[in-house]
Each structure stands twice: as structure tokens, then as C-alpha cells.
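S.K.: Handing you a structure now.
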Amino acid sequence: MTEARYLEDTTARTFTATVVRSLDDRVVLDETLFYPEGGGQPHDEGALSFDGETVRVVDVQKTDDIYHTVDGPTPPEGATVEGRIDWDRRFAHMRYHTAQHLLSAVLLADFDAETTGNQLYADRARIDVAYERFTEDDFAQIESRMNEYIDADYAVRWYTMDRADAEASLDPERTRLHLLPDSITEVRVVEIDDVDRTACAGTHVSNTGQIGEFAITGRETKGSAEERVSFVLA
Ligand SMILES: [Zn+2]
């Protein structure tokens, strides 16, 4: 299995790796900084260079391993490649992903509203929440609380825990650990000061101050007890 370096180091932008599998338009590396699509976070893009040639990485998917789809010739097995991720795209995903955690925590703490889904992009995001209907006053309160937490510049940390310990210590309304397959024995926990703790395998900024100003841009009522809330960061 590829060593997923993006899980530990969210500041590195370039890396060197060895090709372990080379297919028609995809390669598997021994290690990578490229985040594969998952958990509502889009895949990274960037480039791989080898033998004086540079190809674009246009898709990254994790199945039995992490596959990088390239738009040119694939490097052969055993080749050394230099990888570079598109930092603007990745950093935007990190900001939006961290904002989503904070928003899920605020909605649960202040409205007892559980997050049921999320999707983020480089320029916007949305979350689905089990809640009947937010008012404009609710939205003003949420924005104010979010920007207060962002301005507080809380530290964001991540670490792994045994699944049993995580099940005993994480709030089941915030983290649906029972949805994970039985084969998962370790859980990666992402913690924002004492405001939020949840299991997540995405990438996040290391301080909430990096998120930027939060604003709600829209809502959609999804059935009788679910709302979809859209937001942007400035
Ligand atoms: Zn996350």
C-alpha cells in the first residue's frame, strides 16, 4: 500500500517517489502527497516529472491502493518521479475542510443539529444537516460564532487512535464510527482545540486563523427535517 504522506504532512508540496505499478494511464507510487478523492474532499491535482518529461496528474482515486491518473505517458515501474501538488487547490480544500468541521461542531453545540453529509470544493462548500429549518437570525448567529472561532486561531491537531478508544471517547452525534467497516481498527482523529473532535482522513489547516472569513451563501430544504447549507470563505 502506498504510504499516504498527506495524512501527516500537510505543508509539503513536492516529493520524490518510486513507481511500483505502471498501467495505461495510471501509476501507483511507494509514497505520495496526492490526496485521493474521499470524505467530501476532491482529489489533488499536480504533476509528475521523470526522465525530463512532465505529465499532469488529473485524478487520484483510492481503491485497493492509491492510483494517480496522468494525461501523458506513464513512467515505468522502478522509475524515480518528482511529484508536485497544485498548492492553491489543495490549500483551499484544507481551509474549506477545516471550516466544515468547525461548522458541524457549532451546529451540534448550538442547535443540536447533526451533520449528515458534506461536499467541498476549492471555492465553496455545503453541508447537509438534520434540522427542520434555520431562520435568518440562526444564520447570523452561526456566522458570528464561526468567525469568532476562526479569529481565536485555535490549533488543529491530528493523530491516530485505536478504534475501541475512539468509540469510547468521541461524541456519537458528531462521529458516526459505526458506519466504518469492521476491518478498520485504527481511527484518525482531528481535533480543533477543545471545540471539536471527530474522525477524518482528510487534510486540514493547522490553525483556524488560516480558514479566512466565513459567510453563509444559501440554503436548500431537503425534505422535512434536513437542510443543505452552502458557504464560502474569503
Ligand atoms: Zn476532515
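Rule-based calculations on the coordinates, nothing more; no lab input. From a predicted model like this one, the values you see are computed outputs, not experimental measurements. Don't worry about glycine lacking a Cβ; one is built from the backbone with ideal geometry, like all the others, and counts go over all protein chains shown.
S.K.: What's the angle, to the nearest 10 degrees (0 to 90), between helix 136-151's Cα axis and the longest principal axis of the chain?
M.R.: Computed tilt is about 50 degrees.
S.K.: Convert each backbone phi in region 26-32 into a coupling constant with the Karplus relation 6.51 cos²θ - 1.76 cosθ + 1.60 (shift: θ = phi - 60°), then list the ³J(HN,Hα) values in order as whole Hz, x for Gly and Pro.
M.R.: Couplings: 9, 10, 10, 10, 6, 8, 8 Hz.
S.K.: Quick one: what are the phi-derived ³J(HN,Hα) couplings along region 78-92, Karplus 6.51/-1.76/1.60 with θ = phi - 60°, whole Hz, x for glycine and proline?
M.R.: These are the phi-based 3J(HN,Hα) values: x, 5, 8, 10, 9, x, 9, 8, 5, 6, 4, 5, 4, 5, 4 Hz.
S.K.: Using Cα-Cα distances under 8 Å and only pairs 6 or more residues apart, what relative contact order does region 91-234 have, in percent?
M.R.: The value is 33 percent.
S.K.: If you don't mind, another one. Starting from the amide H of Val58, placed 1.01 Å from N in the peptide plane, find each other amide H under 5 Å away whose residue is 5 or more places distant or on another chain.
M.R.: Residues meeting the criterion, in which the H sits 1.01 Å from N, are Thr69, Val70, Asp71.
S.K.: Let me ask something else about it. Could you work out how far apart the two model spin labels at Asp64 and Glu82 are, taking each label as a point 7 Å from the Cα in the direction of the beta carbon, and quote it in nm?
M.R.: 3.3
S.K.: Quick one: which residues, 5+ away or cross-chain, put their amide H under 5 Å from the amide H of Ala125? H built at 1.01 Å from N.
M.R.: Close amide H contacts, sequence-distant or interchain: Phe231.
S.K.: Based on the Cβ-Cβ distance of Ala155 and His178, what FRET efficiency does E = 1/(1 + (r/R0)^6) give at R0 = 35 Å, to the nearest 0.05? Please list the in-between numbers first.
M.R.: Numbers: r = 29 Å, r/R0 = 0.82.
For R0 = 35 Å, the calculated efficiency reads 0.75.
S.K.: Still on this structure: Give me the number: length gained by fully extending Glu167 to Asp51, i.e. 0.36 nm times residue separation minus the C-alpha to C-alpha distance, one decimal in nm.
M.R.: Taking 0.36 nm per residue and subtracting the Cα distance, the gain is 37.0 nm.
S.K.: Treat the count of other C-beta atoms within 10 Å as a stand-in for reagent exposure and order Ser183, Ser206, Ser169 from fewest to most.
M.R.: Ser183, Ser169, Ser206
S.K.: What relative contact order, as a whole-number percentage, does region 1-141 give when Cα pairs under 8 Å and 6 or more residues apart are counted?
M.R.: It rounds to 22 percent for region 1-141.
S.K.: What residues have an amide H closer than 5 Å to that of Tyr154, excluding those fewer than 5 places away on the same chain, when H is modeled at 1.01 Å from N in the peptide plane?
M.R.: Amide H neighbours of Tyr154, under 5 Å, 5+ apart: Thr208, Gly209.
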